[in-house]
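Report on the structure given below.
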Amino acid sequence: MKDIKIAKLIEAEEKRQREGLELIPSENYVSRDVLTALGSVYTNKYSEGYPGKRYYGGQENTDIVEALAIDRAKELFNGDHANVQPHSGAPANIAVYQSWLNLGDTIMAMRLDHGGHLTHGHPVTSVSKAYNFVRYGMKDVETGEIDYDEMRAIALKEKPKIIIAGFSGYTRSLNYDKFAAIGEECGALLMADMAHVAGLIAGKALPNPLDHGFQVLTSTTHKTLRGPRGGLIISKGIVGNSLKAPEKIIENLPTLIDREVFPGYQGGPHMNNIAAKAVAFREALQPDFGVYAKQVISNAQTLAKALQGKGFKLVTNGTDNHMVLIDMPKSFNGVNGREAQEILDMIGLNANCNAIPDDPLPPYRPSGLRLGTPAITTRGLNEEHMGLIAAWMHEAITKRNDQNALAQIRAAVTEFSLQFPLPSDR
């Protein structure tokens, strides 16, 4: 690379990733094949439209690439159709909203302080100004149980046109059958935002909402799915001509969504990204991906127990998925989530601060620390290593004012991490 500054920064980032452990639950490491596709000459190509219905010429290869990505995504998630063009998870969610709703319509989603995502109606987002959001949440934050009775009562009163099952900071399981029953009773479209757990669903380690009465599943393609950074929409229904506006009924969802992604919300798809998605979907269809998905959950549950053994207080007291959420002030008096994140950065363990239910602290320095196991599982770590991570975390936070102690822990983390190569180095 002739750009020496950028080349050095890429090298520095590779070094950082090799010498530390990624515990942010929304991050992962991709394979060399995914990186190769992402950096391919498909970067050069404009491909507005869909396979067989493009606006530019020279599409004989892009059509095949996108068709492969669509077919593989459908197979992974048991959908009737897949749109692989969304640039990220937020545009995927917004495309579904706009395909089905009118301005001012009501959406039901998880309480943001109980684990819901920004695109589920956070006041700082544009969607919160376009639609009316009503909430469901946990009945008991000690167990994480959703209050389905309250959810049903609110849904029958507010008549949401979409009910979303999904989260970014929730560590327990959702009962999709109860969602489906409530959605059917109030006439709502059922949408599953599975950005965090899509890989665990693809690997058959967690249930698939589309097998439990949901009509739409949205996701990112990185996180547990271990692909490039991008978005994905899987839908049930009949695939029609995206050039013609269909009637707004459930059966036409695939076409309604296609038309909203392009030309409704996005322009040209990023074909290099779609090629990388296709590669990642093929990888996720292999038997060893199911082994990986189950190992992610086992590692997370083992890590949760190890942390509790060190005195950490966990929100919901454990996990059913890939994610652990720590209440830092209850674990260490006077330490908030932001401070814990910065301490762990110094020793090469990367996590992220996060709000907890009914958090008394502001969003930038919340009480919670969120961590997960997708990336470290990709590196090859298993249950026997989780106690070591918990011990490093405990020691670093306990000795946070001792620079020599932190330097020693950092050296130990580096030595350990280098035993587990990045997938792109294999």
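Checked against (1) modelled with pLDDT of 95 or more; (2) within 23 Å of residue 26 (Cα to Cα), residue 115 meets all criteria but (1).
When region 131-151 is filtered for residues that are buried (at least 18 other Cβ atoms within 10 Å of the Cβ), out of contact with any Lys or Arg (no Cβ under 6 Å at 6 or more places or on another chain) and not in a strand (DSSP E or B), the ones remaining, listed by number, are 131, 151.
Taken over region 170-196, the residue count meeting the criterion of being touching a residue at least 60 places away in the same chain (Cβ under 8 Å) and farther than 12 Å from residue 209 by Cβ is 7. If you check 381, 406 for being part of a helix (DSSP H, G or I) and touching a residue at least 60 places away in the same chain (Cβ under 8 Å), only one passes: 406.
Among the criteria (1) surrounded by fewer than 17 Cβ atoms within 10 Å (Cβ to Cβ); (2) under 24 Å from residue 185 (Cα atoms); (3) without any contact (Cβ under 8 Å) to a residue 24 or more places away in the chain; (4) of a type outside the set (S, T, N, Q), the one residue 123 does not fulfil is (2). Only a single item in (1) within 18 Å of residue 77 (Cβ to Cβ); (2) over 24 Å from the mean Cα position of the chain (by Cα); (3) outside the structural domain of residue 188 (by TED's automatic domain parsing) is not met by residue 239, and it is number (3).
Summed over region 328-375, residues that are among the aliphatic types (A, V, I, L, M), within 24 Å of the chain's Cα centre (by Cα) and either farther than 26 Å from residue 417 by Cα or assigned to a helix (DSSP H, G or I) (or both) total 6. In the set (1) assigned to a helix (DSSP H, G or I); (2) under 22 Å from residue 263 (Cβ atoms), the condition left unmet by residue 10 is number (2). The residues in region 1-32 that are touching a helix residue (DSSP H, G or I) at 6+ places or on another chain (Cβ under 6 Å) and without any contact (Cβ under 8 Å) to a residue 40 or more places away in the chain can be counted, and the count is 1.
Among the residues of region 305-326, write down those that are in a loop (DSSP other than H, G, I, E, B), over 25 Å from residue 201 (Cα atoms) and not aromatic (Phe, Trp, Tyr). Spell out the reasoning first.
Narrowing region 305-326 to residues in a loop (DSSP other than H, G, I, E, B): 310-312, 318-322.
Adding the requirement that they be over 25 Å from residue 201 (Cα atoms) leaves 310-312.
The answer is 310, 311.
Kindly provide the set of residues from region 52-89 that are buried (at least 19 other Cβ atoms within 10 Å of the Cβ), touching a Ser or Thr at 6+ places or on another chain (Cβ under 7 Å) and more than 23 Å from residue 41 (Cβ to Cβ), ordered by number.
79, 81, 89
Of all the listed residues (157, 244, 178), the sole one being surrounded by fewer than 18 Cβ atoms within 10 Å (Cβ to Cβ) and part of a loop (DSSP other than H, G, I, E, B) is 244.
For the structure I just gave you, tell me whether residue 89 is of a type outside the set (D, E, K, R) and at positive phi.
Working: of a type outside the set (D, E, K, R): yes; at positive phi: no.
So residue 89 does not fit the description; no.
The values are calculated or read from the model by the stated rules, or taken from the named source; none is laboratory data. Predicted model, so just to flag it, every value in this text is computed and none were measured. FYI the Cβ positions are ideal-geometry reconstructions off the backbone, even for glycines, and counts take in every protein chain you see.
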